[in-house]
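Novice: Please see the structure below; I have some questions.
The values are calculated or read from the model by the stated rules, or taken from the named source; none is laboratory data. Everything numeric in this text was worked out from a predicted model, so none of it was measured. Note: ideal-geometry Cβ built from the backbone for every residue, glycine included; neighbour counts use all protein chains shown.
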């Protein structure tokens, strides 16, 4: 569709874009990224013919761009610039109708049915129908932007160039606009080239990205090849971290600030725990990075309050999460700051121990009810179980865990728990074999993310050793307490 | 019935009323029917056909030319204050015309068209100079920049004219009479002299009505919409200069018509240039016919220069537009 060959160009005396080459296929969406002053907009202007092309060639559908007349070019290529100016008041419809200019010819350039259909469709796509007869200068910035998008769409060109189309738009309008444009690319095979400031939006919507640095192409490729931590940090000179998008297979970035906030350096100890008749509560001074399979706020996040609540063995509720939230709110725990778990055992039977390591201590809490124990290797034989009896394991780390370390901590803790059940000869009552856990076990790893960086937490790392031993020890003790309470023989 | 159609109907009615008043009102009242009544009084017929009618037609043509030129300049420069007078283009045309009279230039094959052609050249050269200078001062060509540049050029060209007048001998009377701006006692020969250029100039602008709409959103945007900006801009500049030059050549400098008429037209009927241009043309004709009527009747038997009347209306409108634009924070 579009081929750019060794293009250099810019303003009269200053070459800004140097030796840029790339190709875009029909129906593809290419995002142009780069820090301020890297020549993104200039490149777009050189391609669209606004700025002078010193050397190189641009081909649209195989023909050099210079061989097109103004009108022919406008039929092939629509452009949405970054800034809009307008003098005098124009109605929305008249403004959009100007997009039909290249399609009209002849002295009187009559308005054809095709022109009308294109304008109506453009208004529909941008949801501007109800503004049709309003004056452009009375609309908000976001609405005006949509009018110009509609104008470009009314042009019905197979190639669309956009310069920061989401500038000044709120997120709803950003999404709406990019959804509209992307849908055009998918449904009508329109080719789109767009300059983006926002790396995340570019990565999310574009098929390929072109990263510019000082007027040259640094890299061009699929989002996962371009949005890489080191590359982005080098080009933009800002600390970032990359993470996956929750719904789409596209990388996203997060800015890492370099501001030194006065954060409390207090260590977490077993003394931070409070145990009452119904609750084990652990409250930290500042938020801890947490990974858990809790009832409330499972997954990863930053939380301050950790609650292990005792519920009756007969506890039954249609909406456990809602009931739990109400319960927590009653006790002054905020939903956004609290991780909540449930157990059927007496909270006073919780085993809480602190273990020292060379880098800082870890604290482990276990509550264990094993009335519902399961041998995971034989679980396929079992149809359904009443969900009572749970082993809840919490591991609080004074240190900075990597993502790997969080996952390895979970593995290590699970292995230690299984070993404890074996040692205690806890059996799956249905199969008579040694159980590996219960049907509803939960685990929580929380780290202060301060102090020593801990890259791994496998069984033979310093932290792994403590987690392995600590979880084993605490779980054995908790099971013994449970057995005693139930009057089982020891 | 839509607004545009109403606009055309009202404007045409206004024009006919203006013509009717222009023909019949004066020191001698003449019924309009004299125009077609073959049995009418011979003196009345003479007054109407030899004096009133050429005057009305010329006033109409000059008004129409200045108004449509103003509308086009405003669109091209995205500047609601632009008009042949404020841009200094009228002064440029005057210099061209005065020089023609002063040096007694006569180009054989141009014949009676020598004066308007030189006037047009003066207008075009001034227009190009004003735009290049304004661009040099401020690339974004703000409203104030262009108007200030226009003032600089008008003052300079004005003194050039004064100098030529001071140096002139027997031509003095002719030049002064012409400079004041008037359509009186011109006769049909002036109409004949102006008409071809007014037709060509108006056509040039009308052909660019949609391009002017596109250019309201900036030259870059117009380019992206498929407008051959360079070529179209030149057409508009030549068309506008042609109209201004011709108007100045036949009637001297008459200010503000190009400002007031397009502004009122936009205010009443919207700013789509496809209609602003023709409506300005019609209304410009009507306005100047009425202004001419006022200028010759208000302190009769003395005649006021028509420029006095247009400035009387135009300057406050200019102030009002300027105020409104600044309030709006527009360009």
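Novice: Being away from chain B (no Cβ under 14 Å) and either touching a helix residue (DSSP H, G or I) at 6+ places or on another chain (Cβ under 7 Å) or not in a helix (DSSP H, G or I) (or both) narrows it down to one of A:166, A:95, so name that one. Steps first, please.
Specialist: On the way: A:95 fails: away from chain B (no Cβ under 14 Å).
Answer to the check: A:166.
Novice: Please work out which residue is modelled with the lowest pLDDT, limiting yourself to region B:74-100 and to residues that are within 14 Å of another protein chain (Cβ to nearest Cβ) and in a helix (DSSP H, G or I).
Specialist: The first filter runs over region B:74-100 and keeps only residues within 14 Å of another protein chain (Cβ to nearest Cβ), leaving B:74-82.
Subset that is in a helix (DSSP H, G or I): B:74-77.
Numbers: B:74: 91, B:75: 89, B:76: 88, B:77: 84.
Here the answer is B:77.
Novice: Let me ask you something else. Is it the case that region A:142-155 has a residue that's over 28 Å from the mean Cα position of the chain (by Cα), part of a loop (DSSP other than H, G, I, E, B), surrounded by 21 or more Cβ atoms within 10 Å (Cβ to Cβ) and within 14 Å of chain B (Cβ to nearest Cβ)? Before you say what the answer is, go through the steps one by one.
Specialist: First, the residues of region A:142-155 that are over 28 Å from the mean Cα position of the chain (by Cα): A:144, A:147-148, A:150-155.
Restricting the remaining residues to those that are part of a loop (DSSP other than H, G, I, E, B) gives A:155.
Next, from what is left, pick out any that are surrounded by 21 or more Cβ atoms within 10 Å (Cβ to Cβ): A:155.
Next, from what is left, pick out any that are within 14 Å of chain B (Cβ to nearest Cβ): A:155.
Yes: one or more hits.
Novice: Would you check if residue A:335 is farther than 20 Å from residue A:475 by Cα, touching a helix residue (DSSP H, G or I) at 6+ places or on another chain (Cβ under 8 Å) and surrounded by fewer than 18 Cβ atoms within 10 Å (Cβ to Cβ)? Before the answer, list the steps.
Specialist: Numbers: farther than 20 Å from residue A:475 by Cα: yes; touching a helix residue (DSSP H, G or I) at 6+ places or on another chain (Cβ under 8 Å): yes; surrounded by fewer than 18 Cβ atoms within 10 Å (Cβ to Cβ): yes.
For residue A:335, the condition - farther than 20 Å from residue A:475 by Cα, touching a helix residue (DSSP H, G or I) at 6+ places or on another chain (Cβ under 8 Å) and surrounded by fewer than 18 Cβ atoms within 10 Å (Cβ to Cβ) - is met.
Novice: Which of the residues that make up region A:21-58 are away from every other protein chain (no Cβ under 14 Å), in contact with a strand residue (DSSP E or B) (Cβ under 7 Å, 6 or more places away or on another chain), surrounded by fewer than 16 Cβ atoms within 10 Å (Cβ to Cβ) and without any contact (Cβ under 8 Å) to a residue 60 or more places away in the chain?
Specialist: Residues satisfying the conditions are A:23, A:54, A:55, A:57.
Novice: Could I ask something else about it? Kindly indicate whether any position in region B:299-309 is more than 14 Å from chain A (Cβ to nearest Cβ), part of a helix (DSSP H, G or I), buried (at least 19 other Cβ atoms within 10 Å of the Cβ) and free of Cβ contacts under 8 Å to residues at least 60 places away in the same chain. Break it down into steps so the answer makes sense when it comes.
Specialist: We begin by selecting, within region B:299-309, every residue more than 14 Å from chain A (Cβ to nearest Cβ); these are B:299-309.
With part of a helix (DSSP H, G or I) added as a condition, the list becomes B:306-309.
Now restrict to residues that are buried (at least 19 other Cβ atoms within 10 Å of the Cβ): B:306-307, B:309.
Remaining after also requiring free of Cβ contacts under 8 Å to residues at least 60 places away in the same chain: B:309.
For region B:299-309, residues more than 14 Å from chain A (Cβ to nearest Cβ), part of a helix (DSSP H, G or I), buried (at least 19 other Cβ atoms within 10 Å of the Cβ) and free of Cβ contacts under 8 Å to residues at least 60 places away in the same chain: present.
Novice: Turning to a different aspect of this structure: Confirm whether residue A:64 is facing chain B (nearest Cβ under 7 Å) and either buried (at least 23 other Cβ atoms within 10 Å of the Cβ) or in contact with a strand residue (DSSP E or B) (Cβ under 7 Å, 6 or more places away or on another chain) (or both). Full working, then the answer.
Specialist: Numbers: facing chain B (nearest Cβ under 7 Å): no; either buried (at least 23 other Cβ atoms within 10 Å of the Cβ) or in contact with a strand residue (DSSP E or B) (Cβ under 7 Å, 6 or more places away or on another chain) (or both): yes.
The answer is no for residue A:64.
Novice: Do we find that residue B:174 is farther than 19 Å from residue B:87 by Cβ and at pLDDT 85 or above in this structure?
Specialist: So residue B:174 fails the test.
Novice: Under 8 Å between Cβ atoms, at least 6 apart or on separate chains: pull out the pairs that start in region A:234-250 with a residue that is on the phi > 0 side of the Ramachandran plot and end on any residue that is surrounded by 11 or more Cβ atoms within 10 Å (Cβ to Cβ).
Specialist: Here the result reads A:237/A:35, each pair linking region A:234-250 to a residue that is surrounded by 11 or more Cβ atoms within 10 Å (Cβ to Cβ).
Novice: Consider region A:99-135. How many of its residues are assigned to a helix (DSSP H, G or I) and either surrounded by 22 or more Cβ atoms within 10 Å (Cβ to Cβ) or more than 14 Å from every other protein chain (Cβ to nearest Cβ) (or both)? Before you say what the answer is, go through the steps one by one.
Specialist: Kept after step one, since they are assigned to a helix (DSSP H, G or I), are these residues of region A:99-135: A:99-103, A:113-125, A:129-131.
Remaining after also requiring either surrounded by 22 or more Cβ atoms within 10 Å (Cβ to Cβ) or more than 14 Å from every other protein chain (Cβ to nearest Cβ) (or both): A:99-102, A:113-114, A:116-117, A:119-125, A:129-131.
So the answer is 18.
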